[in-house]
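The values are calculated or read from the model by the stated rules, or taken from the named source; none is laboratory data. This one's a predicted model, so the numbers in the text were calculated from it and none came from an experiment. Virtual Cβ from ideal backbone geometry, glycine too; neighbours counted across all protein chains shown.
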Amino acid sequence: MRPSRARVAAAPVGALQRWFQRMVMDPGRERGAVISRSGAVELLLQPSRELTARERLAVYADSYFLRLRDVMKVDFPGVLHALGERAFAGVVREYVTVHPSTSFTLNDLGARFPRFIEKEATANEVARRRLFLAELATLERAVEDVFHERHAPSVDVARLRSIPMERWSDARFTLIPAVRLLAFNHPVDPYLQDVLDGKRPRAPRARSSWVVVYRKEWRSWRARLSIEQHRILEALSRGRPLGAALRHALAAPGSDAERTVARLHEWFREWTAEGLFAAIAVGRIR
């Protein structure tokens, strides 16, 4: 015996809310399959003059996905350009199906997108350039991460200048929380900048690149690094003193020792002026 509309409407509100959420958040063919198997749609939802009950439900489901797609387009303009509108929409649809939003804020929506592209996305457009797209998404997500990272005041250049030359080797530099040091197999930062400048770049060939992403004056910034700069900052971020960090940098294959030593003070003045350091501590001379 088919239940009456009155009896279905008497179901607990929480159960109805969970049912509606499931219908809305299961997009595409999977959502269609669920609806087609369920007779509850017509029992729980009224049709309108223009739309059936299922069509009315589809309005909410489609709007939900389109809203999430638009958020992802803002957060990942480089990946959007690389894939194109149609393929990007398909990848995002698969992503939000596999990893539905669980946060109160859409700031967290794309947190797992780089790994999803690297490990899970099934689209042919992704498979052909998976590593490049994953690295591009990683860079774009870092821009979002540092913007929302907790605040810590930065030391100024005067603190840097106060360090005696003979103590530089023992100096320890603490990076602010809103810094991400990234190493890539593709030059993704020039590609992203071309996209942001309104150009139409092609996917680049593999080439090692290094980038620091950081927040300054409540804006996210990106700066390209040499391998020596990246290795110095990376070692400092792990708590190593500058002398050890410098040795770590010069041990890298292809490093330029003469250039590194000649420009070391210039780099540190620039990094300090950009606010990368929360503290500079000087230990005793051994």
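Name every residue in region 214-243 that is over 16 Å from Ala278 (Cβ atoms), in a strand (DSSP E or B) and of a type outside the set (D, E, K, R), in order of residue number.
Residues satisfying the conditions are Ser220, Trp221, Ala223, Leu225.
Of all residues being among the β-branched types (Val, Ile, Thr) and closer than 16 Å to Arg215 by Cα in region 128-163, which is nearest to the chain's Cα centre (by Cα)? Just the residue, please.
Val143
Give region 119-129 a look and list any residue that's within 12 Å of Val91 (Cα to Cα) and not aliphatic (A, V, I, L, M), or say none.
Residues of region 119-129 that are within 12 Å of Val91 (Cα to Cα), as a first pass: 120-127.
Answer for region 119-129, where residues must be within 12 Å of Val91 (Cα to Cα) and not aliphatic (A, V, I, L, M): Glu120, Thr122, Asn124, Glu125.
Let me confirm something: among Ala111, Ala89, which residue is of a type in the set (A, V, I, L, M, F, W, C), in contact with a helix residue (DSSP H, G or I) (Cβ under 6 Å, 6 or more places away or on another chain), modelled with pLDDT of 65 or more and in the same structural domain as Glu140 (by TED's automatic domain parsing)?
On the way: Ala111 fails: in contact with a helix residue (DSSP H, G or I) (Cβ under 6 Å, 6 or more places away or on another chain).
Result of the check over Ala111, Ala89: Ala89.
Out of Leu181, Leu175, I need the residue that is under 27 Å from Leu246 (Cβ atoms), without any contact (Cβ under 8 Å) to a residue 60 or more places away in the chain and of a type in the set (A, V, I, L, M, F, W, C). Which one?
Working: Leu175 fails: without any contact (Cβ under 8 Å) to a residue 60 or more places away in the chain.
The match here is Leu181.
Here are the criteria: (1) more than 23 Å from the chain's Cα centre (by Cα); (2) farther than 20 Å from Arg161 by Cα; (3) exposed (fewer than 14 other Cβ atoms within 10 Å of the Cβ); (4) in contact (Cβ under 8 Å) with a residue 12 or more places away in the chain. Tell me which single one Ala249 does not satisfy.
(3)
For region 153-178, give me each residue that is in a helix (DSSP H, G or I) and among the aromatic types (Phe, Trp, Tyr). Lay out the reasoning, then the answer.
Of region 153-178, the ones in a helix (DSSP H, G or I) are 157-161, 165-170.
Listed by number, the list holds a single entry, Trp168.
Do you know which of the residues in region 252-263 that are part of a helix (DSSP H, G or I) and free of Cβ contacts under 8 Å to residues at least 24 places away in the same chain is surrounded by the fewest Cβ atoms within 10 Å (Cβ to Cβ)?
Going residue by residue through region 252-263, those that are part of a helix (DSSP H, G or I) are 257-263.
Narrowing further to those that are free of Cβ contacts under 8 Å to residues at least 24 places away in the same chain: 257-258, 261-263.
Details: Ala257: 11, Glu258: 7, Val261: 12, Ala262: 10, Arg263: 15.
If we take residues in region 252-263 being part of a helix (DSSP H, G or I) and free of Cβ contacts under 8 Å to residues at least 24 places away in the same chain, then Glu258 is surrounded by the fewest Cβ atoms within 10 Å (Cβ to Cβ).
Keeping to region 90-124, report how many residues are within 17 Å of the chain's Cα centre (by Cα) and outside any helix (DSSP H, G or I).
Of the residues in region 90-124, 12 are within 17 Å of the chain's Cα centre (by Cα) and outside any helix (DSSP H, G or I).
Need pairs with beta-carbon distance below 8 Å; first residue part of a helix (DSSP H, G or I) and within region 134-146, second among the basic types (Lys, Arg); sequence gap 6+ or separate chains.
Ala134/Arg115; Leu139/Arg222; Ala142/Arg180; Val143/Arg222; Asp145/Arg180; Val146/Arg180; Val146/Arg215
Just checking, does region 140-156 include any residue being in contact with a Pro (Cβ under 6 Å, 6 or more places away or on another chain), crowded, with 19+ Cβ neighbours inside 10 Å and at pLDDT 95 or above?
Taking every residue of region 140-156 in turn, at least one turns out to be in contact with a Pro (Cβ under 6 Å, 6 or more places away or on another chain), crowded, with 19+ Cβ neighbours inside 10 Å and at pLDDT 95 or above.
State which residue pairs qualify: first residue among the charged types (D, E, K, R) and inside region 42-70, second residue at pLDDT 70 or above in any location, beta carbons under 6 Å apart, and separation of 6 or more residues or different chains.
Arg69/Ala89; Arg69/Val92
Across region 72-118, what is the number of residues that are charged (D, E, K, R), touching a residue at least 12 places away in the same chain (Cβ under 8 Å) and under 19 Å from Tyr191 (Cα atoms)? Working first, answer last.
Going through region 72-118, the residues charged (D, E, K, R) turn out to be 73, 75, 85-86, 93-94, 108, 112, 115, 118.
Subset that is touching a residue at least 12 places away in the same chain (Cβ under 8 Å): 73, 75, 93-94, 112, 115, 118.
After this cut, where a residue has to be under 19 Å from Tyr191 (Cα atoms) as well, the list is 73, 75, 118.
Residues flagged as charged (D, E, K, R), touching a residue at least 12 places away in the same chain (Cβ under 8 Å) and under 19 Å from Tyr191 (Cα atoms) within region 72-118 amount to 3.
Can you give me the number of residues within region 92-108 that are surrounded by 14 or more Cβ atoms within 10 Å (Cβ to Cβ) and of a type in the set (Gly, Ala, Ser)?
Number satisfying all stated conditions: 1.
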